[in-house]
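Step one of this worksheet: look at the structure below.
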Amino acid sequence: MTNPPLPKNQNKSSVISRRGLMTAAAAATGAVATGAVANAQEAKQAAAGAVDAKQGRLNQSVCKWCFPKMSLEDLAKEAAAMGMVGIDLLDPPDFPTLKKHGLVCTMVQSHPLSDGLCDTQFHDMCIEKINAAVEATSAEGWKNVIVFSGNARGIDREKGMKNCVDALRKVVPVAEKAGVTLQMELLNSKVNHADYMCDNSQWGVELVKRVGSDHFKLLYDIYHMQIMEGDIIRTIQQNHQYYGHYHTAGNPGRHELDDTQELLYPPIAKAIADTGYQGYFAHEFLPVRDPIAGLRDAVAQCIV
Ligand SMILES: O=C(O)C(=O)CO
């Protein structure tokens, strides 16, 4: 079968180039929304830093741990300048720096990732840390505390789910009273976190249903779930009521949202915004080039 002829003035690479799409996204947020092609002047402005996440429907944020060479102060300054609402995965000692820049902690840390709620040997430690994080988060009027299933260590998935429910029934009422939501992160167990139990949407959604509270949801990490199950947009459309937070990164590699990786973020971001999502959307990629240029480009692609 022969390919259909391309429209005049379009060669093959101009039709399929994702870099072109991203440059347009970075150049002008309106261009993404309307499908218009950004011109060279707009691209130049984007390179100079003109990006405002507040022009889009998603409340964008970024994870500090991905920028180890930058101080929190510097990242907060950059994030605020890009119109982001906050920074993810921090602890109470970090809060004053965020507030100085008008930002919130969009996800507060609690217990370790591998020592989690599916294993009763960690329940006392996790519950203590979760309750402390809920109190600190609520004192600021902020919204989210992260929790993890932890590693299975030979515990089967049904027993692990029961163990999670038992622990969550102790902390969710505290979170409800405090107006805070506990969010269990979905992580891949194939590349980064071998043996992590909450590694697919089906298991996670069943857990949310069994807990049965608006104050317990899943953190849907797009990078991790691309590795485990793919079908990102349809999965989000079908399960968005169970997802209370999102993370981004390119796959494979967990780097910039660029054309070295396979996920196309503007339509993913649009699908999330179209569900009516009001929570936070946090970038969590490990930059391999200029970190702030990569962050600016990611923000621009997700202004939808
Ligand atoms: O540590 C990771 O891999 C995470 O995604 C934490 O959010």
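The values are calculated or read from the model by the stated rules, or taken from the named source; none is laboratory data. Predicted model only: the values in this text are computed from it and were never measured. With ideal geometry, Cβ positions are generated from the backbone for all residues, glycine too; neighbour counts draw on all protein chains shown. Only protein heavy atoms, including side chains, enter the accessible area calculation; ligands, DNA and RNA are left aside. Shrake-Rupley method; radii C 1.70, N 1.55, O 1.52, S 1.80 Å.
Rounded to the nearest Å, what's the spacing between the alpha carbon centres of the range 57-89 and the range 185-213? Just the number, please.
The range 57-89 and the range 185-213 have Cα centres spaced 26 Å from each other.
Would you mind listing how long the range 125-240 runs along its three principal axes, going by Cα atoms, in whole Å with the largest first?
Each principal axis gives a Cα extent; for the range 125-240 these are 37, 32, 24 Å.
Ranked highest first by average number of other Cβ atoms within 10 Å, how do 153-161, 191-199, 279-287, 296-304 line up?
Output ranking for 153-161, 191-199, 279-287, 296-304: 296-304, 279-287, 191-199, 153-161.
Under the Karplus relation 6.51 cos²θ - 1.76 cosθ + 1.60, θ = phi - 60°, what is the ordered set of whole-Hz ³J(HN,Hα) values for the range 160-174, x standing for Gly and Pro?
For the range 160-174, the Karplus-derived couplings read x, 5, 4, 4, 4, 4, 4, 5, 5, 5, 7, 9, 4, x, 5 Hz, x marking Gly and Pro.
Which cross-chain or sequence-distant (5 or more) residues have an amide H under 5 Å from the amide H of M184, H modelled 1.01 Å from N in plane?
Under 5 Å from the amide H of M184 lie the amide H atoms of V147, K217, L218, L219, each far enough along the sequence or on another chain.
Would you mind putting 225-233, 78-86 in packing order, based on average other-beta-carbon counts within 10 Å, highest first?
78-86, 225-233
Could you check the simple spin-label distance between R210 and D156, using points 7 Å along Cα→Cβ, in nm with one decimal?
About 1.3 nm, to one decimal.
Can you sort D214, D166, D119 by solvent-accessible area, 1.4 Å probe, largest first?
Highest to lowest solvent-accessible surface, that is D214, D166, D119.
Sorted from largest to smallest, which semi-axis lengths in Å does the alpha carbon gyration tensor of the range 62-200 give for its equivalent ellipsoid, taking the root of 5 times each eigenvalue?
29, 18, 11
For a quick check of understanding: with a 1.4 angstrom probe and all protein chains in place, what accessible area in square angstrom does H101 have, to the nearest ten?
Here the residue's solvent-accessible area equals roughly 40 Å².
Starting from 0.36 nm per residue, how many nanometres of slack lie between M70 and D124 once their C-alpha separation is accounted for?
Gain on extension, M70 to D124, equals 16.0 nm.
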